[in-house]
1. Would you mention how many residues in the range 200-218 are surrounded by 18 or more Cβ atoms within 10 Å (Cβ to Cβ), more than 20 Å from the chain's Cα centre (by Cα) and not aliphatic (A, V, I, L, M)?
2. When you go through (1) farther than 20 Å from Arg455 by Cα; (2) charged (D, E, K, R); (3) crowded, with 20+ Cβ neighbours inside 10 Å one by one for Asp254, which number turns out not to apply?
3. Keeping to the range 267-299, report how many residues are within 15 Å of ligand 2 (Cβ to nearest atom), small (Gly, Ala, Ser) and within 13 Å of Val463 (Cα to Cα).
4. Conditions first: (1) more than 16 Å from ligand 1 (Cβ to nearest atom); (2) of a type outside the set (A, V, I, L, M); (3) closer than 16 Å to Leu252 by Cα. Gly447 passes all but one, so which condition is the exception?
5. Quick one: in the range 229-245, which of the residues that are within 16 Å of ligand 2 (Cβ to nearest atom) and not in a loop (DSSP other than H, G, I, E, B) is farthest from Asp431 (Cα to Cα)?
6. Do the conditions hold for Gly248, that is, is it assigned to a loop (DSSP other than H, G, I, E, B), more than 16 Å from ligand 2 (Cβ to nearest atom) and on the phi > 0 side of the Ramachandran plot?
7. Where residues in the range 327-353 are crowded, with 23+ Cβ neighbours inside 10 Å and more than 15 Å from Asp439 (Cα to Cα), which of them is nearest to ligand 1 (Cβ to nearest atom)?
8. When only residues in the range 237-279 that are within 13 Å of ligand 1 (Cβ to nearest atom) and at pLDDT below 95 count, which is nearest to Asp439 (Cα to Cα)?
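The values are calculated or read from the model by the stated rules, or taken from the named source; none is laboratory data. Quantities reported herein were computed from a predicted structural model and do not represent experimental measurements. All Cβ positions, glycine included, derive from the backbone under ideal geometry; neighbour counts span all protein chains shown.
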Amino acid sequence: MNKFSERRSRLRSLLAGESGIVLFIGNVESAAQYRDNGYKWRQDSNWLYYFGIDEPRFAAIMDLDSGSETVYADDYDIDDIIWTGPMPSVASLAAGAGVQQSAGYAAFEADASAAVAAGRKVHFLPVSRYYNAVLLSRIVGAAPDALFSAGKKGCPLASVPLVRAVVQMRLVKDAEEIALLDKAGELGYRMHTVARKGIRIGRIEQEIVGDMEGVTLAGGWGTSFATILTQHGEIFHCHSHANPIEPGRLLLIDAGAESNEHYASDHTRTYPTGGRFTPRQRDIYQIVYECNELAFNMTGPGVAYLDCHLASARHMLEGLGQLGLVHGDLDEMVADGIAGLFMPHGLGHNMGLDVHDMEDLGEDLVGYDPGQKRSSQLGLGSLRMARRLVPGNVVTDEPGIYFIPALIAKWKAEGTDKGRVCYGKLEEYLDFGGIRLEDDVLVTPDGARRIGPSRLPASPEEVEEAMAND
Ligand code: GLY
Ligand code: MN
């Protein structure tokens, strides 16, 4: 059987207790300023997973009661062909995805609306694009804004059984997906290597970004998210690349490649701009490196990724304690979330067709097992993957230590640390910036391995040696 038919048949069996229809809505082209000048085309990931047709304006209905499946899209007419060339017929593209029935795109809305009018249950996923929200809102009669995932809590109107079934399937990557992730990982390795070799005092950050993103476009679809390349690692999503590379700084590069088949990579490395760490930078780097290694070594089937986060946080506090930045009982500091001052993000997230895999479906449903409760603490509360791991899970391992002046000032003013933070010492680090080290990790039957054929230099020695040879 065709891989897409197989996936849909599995989805159908996971939905065995449900009746009604399931809607799948592929993406349409999105205008940037006007219709004929759009954002770069990217298909919806759920659509890609179940149908694989990488063309705009496709949708499908799976009827859970009759067992029928229909793909909806319009064949190209001469006006399309003049501008974009011919496209295989919709019927043949549908057949390639294992679907025998096809109809025009307008019939999708008509058929789905008829099912609603007949009082049938209509299962749909949260949308990720506004165009699809508008279409779906006409079908189900809800406001477009209510059809998106509201971050952690997901979309209350979407079908929970459908979301759970899709998450269950996409969380465990099959052999073909793992091969595609390795391919994206190899491209990510090359993009980061070009970046590292391009670090020179006086160059503008943007020049390095251009060189590294060029690698992803030459070897794949492009970047898997907006590149972070900054000497202000303490600003998490810093997308400004206007600064010249200065001596004595740390350059944090968090960037990923997307393969032509749309699987992601996501790596972070932090480099001393002149090729050698200062003693103070090295001390902090060493702690982050050890946290990354510790989490990787713990990762394996049956281990909750939440526990990898907590172990990493504990090790971080131990290291920061040895530097005189915090003091107190380690377990109590972990329980009170003191690590959140230094790492106000989670240890990692799922990765696959999306860099934050399935985040459009609702973070809690994706990343938390039933019964696992999400923390409200700074840092731990941002953990996107807490689940007990099973073979085939792909997660990022991305601890970091950051010195965020505004956050330090707030904790100090509010006494959040309950006396554990040595502010006198910490204030010497206000100009430090931040360090993060991120690898992509596959859970295997007997442990874990990193995605991709090679690991980027990670230990302080490896980094300095690589930079000396660049
Ligand atoms: N690598 C970017 C992120 O995980 O948010
Ligand atoms: Mn990441």
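1. Adding up the residues that qualify gives 1.
2. Failed condition: (1).
3. 0
4. With (1) more than 16 Å from ligand 1 (Cβ to nearest atom); (2) of a type outside the set (A, V, I, L, M); (3) closer than 16 Å to Leu252 by Cα applied to Gly447, the lone miss is (3).
5. So the residue we want is Leu229.
6. yes
7. Filtering first and then ranking leaves Met343.
8. That would be His237.
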